[in-house]
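What follows is calculated from the coordinates using simple rules that are stated; it is not laboratory data. Everything numeric here is computed off the predicted structure, so don't read it as measured data. Don't worry about glycine lacking a Cβ; one is built from the backbone with ideal geometry, like all the others, and counts go over all protein chains shown.
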Amino acid sequence: MPPRDEQDFEVKRQQIIDGALQVFASKGFEKATNKDIAAAAGIGSPG
């Protein structure tokens, strides 16, 4: 079983990927922002 930090990283990574796919599907790649992706992923936005 991987260490807890590694599991948390993988969960967060998958949330970001899923959020990005949702935003890209609705807005398109060119109009997607990090803030949009973070909101769709349910995480804090960068910066």
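Name the residues in the range 20-47 that are in contact (Cβ under 8 Å) with a residue 24 or more places away in the chain and part of a helix (DSSP H, G or I), would you? Outline the logic, then answer.
Looking only at the range 20-47, we keep the residues that are in contact (Cβ under 8 Å) with a residue 24 or more places away in the chain, and these are 41-43.
A41, the sole residue that qualifies.
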Checklist entry - Can we say K35 is charged (D, E, K, R) and surrounded by 11 or more Cβ atoms within 10 Å (Cβ to Cβ)? => result yes
